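Please read the structure below before turning to the comments.
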Ligand code: FAD
């Protein structure tokens, strides 16, 4: 019987074990986990802090006993694999409670050790008892106990990525005053800075003290000091500035690392050492859009890689397609989802691209509880290949992003998107879904029928005293408008053509780009050659 040894018993590890069992009823499967739990939902950890998951033990999805009884898999907890001898196919396992080391033979060794939170040792106070990170059930219990025991009121969360923001949301829900400190100019690097502004506003609106462009320099019992010298009240600190692949064991064994620092693997997730495989957050993967090596610490890639490894070991054909990076996060009353490349990445990779931004309602606007979807589609120019998308809204915007992720996976073009037939009833969407609309706008941009500039350029336009038309109705204009914009509503412009200059550039915007698009097209059809639409309008922000 094949002896399969797995290092790490959570995202990837538990998936390898389960898949192997489905392929081979007689395999001898042993999964070593250095922590006290296997198979827990890492992604659910932050939700214990708010009480959404009241009992932290519920985060553990399967116990070693269940693994034994249901799958005949040995899940051995509190056991760290400290070394391996690939020549003789033996691992050394240390019982972290007793210190006892035992040897264990394998035929195939699979590493799924994950990634560990980055804890910069140069920061004064980083080892204080009030400093935490979130990786497992032990961590989340420790944080909850500390906050309760010490009656903590103010928490500083360092880092505005997924984990930092999810933790912040849950701490706010628990009644804490939360400061988020982010060293770059925006949170969530999975969206571009224009869309990140919506997230920033959402955080401010929910009482989060968001500090951008500033880093952590020191921690004390009562406050954190930032690089700028600013001091922020905080009796507890959560470090969430990112993760680094856990490569200690792999390096010790002699597995090669890739250029990004993750464990290098081949098409079948085999490392540089035969019969030693690696999956999950610890490995280096290929971005299928840029063809560059990257790392992606997300649950789905870990799980599908795990299945692929098991399949490969059992002689099945495996097709490692690389990753595109698809994610979603719930934050207070907003959902933020994205897939593929951002504008920022396109720029750094030298990819010629264009964007279509649309802001349709999530369902037919006369239905109850409609809300806007801010949707950005990024496509290659001039090929029209779909490169990425970002969606933010109160509705389930992962719906739209999942469509785009599917299209990218199938090498879709914007022309595929325009004709994509999707389910519709007024409860669920508009007849033309946001993704269809974005495809149509993208096609217009590609054909040169819709000259646009992004909304992020508006400030520069205002500074240059450019001629901007606000195509909304007067009451909307009066409620708030771009400085010096001229209000010529779509409903009136045909009677007011003489007010529209023909000798200087004219920019048109509205609430969601729909009315301005119609005016742009009408003016171009009337012979104007100086018209540009402002793509996407965040004036809707005031409606949140
Ligand atoms: P893990 O699941 O981290 O498992 C690795 C395990 O290996 C660890 O338990 C570790 O103790 C053990 N280990 C390491 N070295 C050894 C050793 N030498 N011997 C024995 N055991 C060892 N992803 C999403 O897609 N969506 C989300 O919403 C999301 N939310 C998240 C929220 C949080 C708070 C966290 C921490 C992660 C989140 N993730 C999310 C990421 C997702 O959980 C990971 O991508 C996934 O778990 C990776 O699986 P893995 O097996 O590589 O690592």
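So the values come out like this:
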{"item": "Per-region count, the stretch 90-142, residues near the ligand (Cβ under 10 Å from one of its atoms) and on the phi > 0 side of the Ramachandran plot", "result": "1"}
{"item": "Close pairs (7 angstrom Cβ cut-off, 6 or more residues apart or separate chains): under 20 Å from residue 62 (Cα atoms) in the stretch 122-145, away from the ligand (no atom under 11 Å from the Cβ) anywhere", "result": "137/56; 137/60; 139/132; 140/56; 141/56"}
{"item": "Condition met for residue 289 (modelled with pLDDT of 95 or more, touching a strand residue (DSSP E or B) at 6+ places or on another chain (Cβ under 8 Å), surrounded by 21 or more Cβ atoms within 10 Å (Cβ to Cβ) and farther than 27 Å from residue 385 by Cα)", "result": "no"}
{"item": "Answer from 232, 238 - the residue that is touching a strand residue (DSSP E or B) at 6+ places or on another chain (Cβ under 9 Å), within 13 Å of the ligand (Cβ to nearest atom) and part of a strand (DSSP E or B)", "result": "238"}
{"item": "Single condition residue 196 does not satisfy, out of (1) surrounded by fewer than 22 Cβ atoms within 10 Å (Cβ to Cβ); (2) more than 16 Å from the ligand (Cβ to nearest atom); (3) not in a strand (DSSP E or B)", "result": "(1)"}
{"item": "Top-ranked residue in the stretch 36-64 [being assigned to a loop (DSSP other than H, G, I, E, B), without any contact (Cβ under 8 Å) to a residue 40 or more places away in the chain and crowded, with 18+ Cβ neighbours inside 10 Å; ranked as farthest from the ligand (Cβ to nearest atom)]", "result": "53"}
{"item": "Cross-chain or 6+ apart pairs with Cβ under 7 Å, the stretch 270-283 first and touching a residue at least 40 places away in the same chain (Cβ under 8 Å) and within 8 Å of residue 110 (Cα to Cα), then within 7 Å of the ligand (Cβ to nearest atom) and in a loop (DSSP other than H, G, I, E, B)", "result": "279/112"}
{"item": "Those strands (runs of 3 or more DSSP E) lying entirely in the stretch 420-509 with at least 2 residues surrounded by 14 or more Cβ atoms within 10 Å (Cβ to Cβ), touching a helix residue (DSSP H, G or I) at 6+ places or on another chain (Cβ under 9 Å) and at pLDDT 95 or above", "result": "467-470, 506-509"}
{"item": "Among residues of the stretch 1-35, those that are near the ligand (Cβ under 6 Å from one of its atoms) and without any contact (Cβ under 8 Å) to a residue 60 or more places away in the chain, counted", "result": "1"}
{"item": "Residue identified as within 19 Å of the chain's Cα centre (by Cα), surrounded by fewer than 20 Cβ atoms within 10 Å (Cβ to Cβ), at negative phi and within 16 Å of the ligand (Cβ to nearest atom) among 304, 283, 273", "result": "304"}
{"item": "Flag if residue 265 is within 17 Å of residue 323 (Cα to Cα), surrounded by 14 or more Cβ atoms within 10 Å (Cβ to Cβ) and free of Cβ contacts under 8 Å to residues at least 24 places away in the same chain", "result": "yes"}
{"item": "Residue count, the stretch 299-333 (criterion: closer than 19 Å to residue 345 by Cα and either part of a loop (DSSP other than H, G, I, E, B) or in contact (Cβ under 8 Å) with a residue 60 or more places away in the chain (or both))", "result": "6"}
{"item": "Residue pairs meeting the criteria (Cβ under 6 Å; at least 6 apart or on separate chains; first more than 24 Å from residue 234 (Cβ to Cβ), in the stretch 178-193; second buried (at least 18 other Cβ atoms within 10 Å of the Cβ) and at pLDDT 95 or above)", "result": "190/327; 190/338; 191/338; 191/390; 192/342; 192/343; 193/186"}
{"item": "Conditions (1) part of a loop (DSSP other than H, G, I, E, B); (2) within 16 Å of the ligand (Cβ to nearest atom); (3) within 19 Å of residue 22 (Cβ to Cβ); number of the one not met by residue 296", "result": "(3)"}
{"item": "Unmet requirement for residue 67, which otherwise passes all of (1) crowded, with 16+ Cβ neighbours inside 10 Å; (2) farther than 28 Å from residue 25 by Cα", "result": "(2)"}
{"item": "Unique residue being modelled with pLDDT under 95 and under 29 Å from residue 342 (Cβ atoms) when the list is 198, 188", "result": "198"}
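Quick grid of which residues meet (1) surrounded by 20 or more Cβ atoms within 10 Å (Cβ to Cβ); (2) at pLDDT 95 or above:
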| residue | (1), (2) |
| --- | --- |
| 331 | yes, yes |
| 342 | yes, yes |
| 347 | no, yes |
| 358 | yes, no |
| 365 | no, no |
| 369 | no, no |
| 377 | yes, yes |
| 387 | yes, yes |
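The values are calculated or read from the model by the stated rules, or taken from the named source; none is laboratory data. If you're wondering where the values come from, they're calculated on a predicted model, not measured in any experiment. All Cβ positions, even for glycine, are placed from backbone atoms using ideal geometry, and neighbour counts span all protein chains on display.
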